[in-house]
Each structure stands twice: as C-alpha cells, then as structure tokens.
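Here the structure is laid out as structure tokens; the discussion comes afterwards.
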Amino acid sequence: MKFKFLENLGRDLRDSVLQLLRDYSEALILAVVMALVIRLFVFSAYKISNLAMEPNLKLGDFILGYKLPYGLSLPFTDIHIGGGAPRRGDILVFKCPKAPQMSCVKRVVGLPGDRVEIKKQRLIVNKKAAYYSRLEEQPSELLRGQARMVVLNEKIFNHDHSVIISAVDEDKSFGPYIVPPNSFFSLGDNREFSEDSRHWGAVPYSLIESKVWLVWLSIQWTPQDGGGFSSDMRWRRILSPVH
C-alpha cells in the first residue's frame, strides 16, 4: 500500500511538472512570436554611429523606429503594403540608396514635386526660404575640433528644428532640384557632416524602414588625451522623443 501511494505521488508530481513545462513553453513561444512580430512589423532599434544628425541625434544614441505610419515592408522582400506618405520635418530610417544593406537616418525636407535648393547655406523649398535664429547650444566636443560651427534654429513650413552649419564657409549652394514622384528629399541636421540627397538624389518611398520615435538609451563617448574614449550615460536623453 505504501509503495502504491509513493508510485501515485511520483506520477502526479511528474504530470504536474510536465503540465507546468507545457504551460510555460506555450507562454514562452507566444512571447517569442509576439516579439518577432513587433520587431518585424511595428518597431525597430538602431544605433546612431555618426555625426550627421547632430544636434538632435547624437553619436551613441540608441533609437526606436516606428514602422506603421508609412505602411509595412514584408521581410526579405521589396513588397510595401499600405501606409501614408512622409511629411516635411519627419526623421526617417531608410535603406541607404548607395548601400542598401545599411540604414540611413535623415530628415525629410522635400516631397514629390517640391523644388529644393540651398543658397549660401539657407534651405529654400518652393522658393520659400527658411528662417534662422542663433541658439545658445554648442556643437558636441567631437565637432568643435573639426571646424568653426554654429547651432541654429531652422524654421520652414511651420516646422522648426536645430541644425548645425559652418560659420566660415557661407557660399555653399545646391540645386535647384525637383523631387520626383514617390520620393523625398533628405538632409542631415548637421549640414557639414552629412551625406544625403545632395549627394545621392531623392530617396524612393520603397526604401523607407521606419519613422524615428524616441531615444531609448544614450551613451556619450568622450575622447581622452592619451587616446581612446571614455563612456558616460546621458541620463536626460533616455526615453526622450525625437522631433
């Protein structure tokens, strides 16, 4: 009788453990599937690895891109489903036109049919010139040693944001350029250190991956006198929205 009881107890314990494993494995599989769906169709994570979007996106920022505003791109294909068109001022992640295996992050300044030009560093869209005002903000330490730079507020079509331009080379011009259908014209906010539509032309909508949503983590890399870099957390930038 005693052995029968122990046998039944062992069987019940085994069945309970197996049921627990089944329950948790189903929950784990569901969590993994949901994470993959979110990763493929809703959000994507990226790391800022250059100075092209200073001062708004900094070297060492980790950002989240939101995919749904412009529709869905089916993984491993060139098929794009639904969605709206980008707007001037949006910061987008897209496949780099000259290196589609990589992602670029730039700001939209021109839409299909727009006439985009730059005269003496001033952005002009459809013959409407941007308005600029000086900001107290200083370029990052990584930029200060490169050239004399200034941070300005750029306002055009009721949208404004910070940009960095050269304080000495005022004769830089571009265009005019007419944006073709189903494409947008991109610029980096750091006009002196950005490869963008001034170099590769308009970007087709089909290359859009996501709209930049927020900075979820930010690490500042500071050059050291003896060589190398030190790292510090930028606490104020964590979970900060991007615009």
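If packing is taken as the average count of other Cβ atoms within 10 Å, what order do 122-129, 103-110 fall into, highest mean first?
Values: 122-129: 15.1, 103-110: 24.2.
Result, highest mean Cβ count within 10 Å first: 103-110, 122-129.
Given contacts defined as C-alpha pairs under 8 Å and at least six residues apart, what's the relative contact order of segment 44-241, whole-number percent?
Working: 442 pairs, mean separation 52.6, N = 198.
Reported as a whole number, the value is 27 percent.
Counted residue by residue at 0.36 nm each, then reduced by the alpha carbon distance between them, the extension gain from Ala99 to Lys47 reaches 17.0 nm. Overall size of segment 44-241 from C-alpha positions, given as principal axis extents largest first: 50, 39, 29 Å.
Computed from the coordinates by the stated procedures, all read-outs in this text should not be read as laboratory data. No experiment lies behind these values; they were computed from the predicted model shown. Reconstructed Cβ throughout: ideal geometry from the backbone, glycine too, with neighbour counts over all protein chains shown.
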